[in-house]
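The values are calculated or read from the model by the stated rules, or taken from the named source; none is laboratory data. All values reported here derive from a predicted model rather than from experimental measurement. Reconstructed Cβ throughout: ideal geometry from the backbone, glycine too, with neighbour counts over all protein chains shown. SASA here: full protein model, heavy atoms, side chains in, ligands and nucleic acids out. Shrake-Rupley method; radii C 1.70, N 1.55, O 1.52, S 1.80 Å.
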Amino acid sequence: MTQKKLSYTVEEAVLAMGLPKSSIYRHIRQGDLVTFKSGRRRMVSQAAIENFIKKLEKQTQVAV
């Protein structure tokens, strides 16, 4: 049984979301994508990724 990851490095989040790294870092700076630090590594939780994608979907629906 495989266990779902609860958090990702930024690089893993880039791969998981399929967005450019520069876009991910821009959203982190703007506060759109919540991250946390574990030692020296910046991490993104699975919940933060899901919330971020939901925000993008809502923005897209409003814009259309």
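At-a-glance table
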quantity	calculated
Every pair of residues 6+ apart whose Cβ atoms lie under 7 Å, when the first sits in segment 53-64 and is within 17 Å of S23 (Cβ to Cβ) while the second is open to solvent by less than 90 Å² (accessible area, probe 1.4 Å) and modelled with pLDDT of 90 or more	K55/D32
Qualifying residue in segment 40-51 (condition: part of a strand (DSSP E or B) and loosely packed, with under 13 Cβ neighbours inside 10 Å)	yes
Any hit, segment 12-23, residues being surrounded by 10 or more Cβ atoms within 10 Å (Cβ to Cβ), touching a strand residue (DSSP E or B) at 6+ places or on another chain (Cβ under 6 Å) and at pLDDT 95 or above	yes
Subset of segment 1-39 [in a loop (DSSP other than H, G, I, E, B) and in contact (Cβ under 8 Å) with a residue 24 or more places away in the chain]	K4, K5, L6, T35
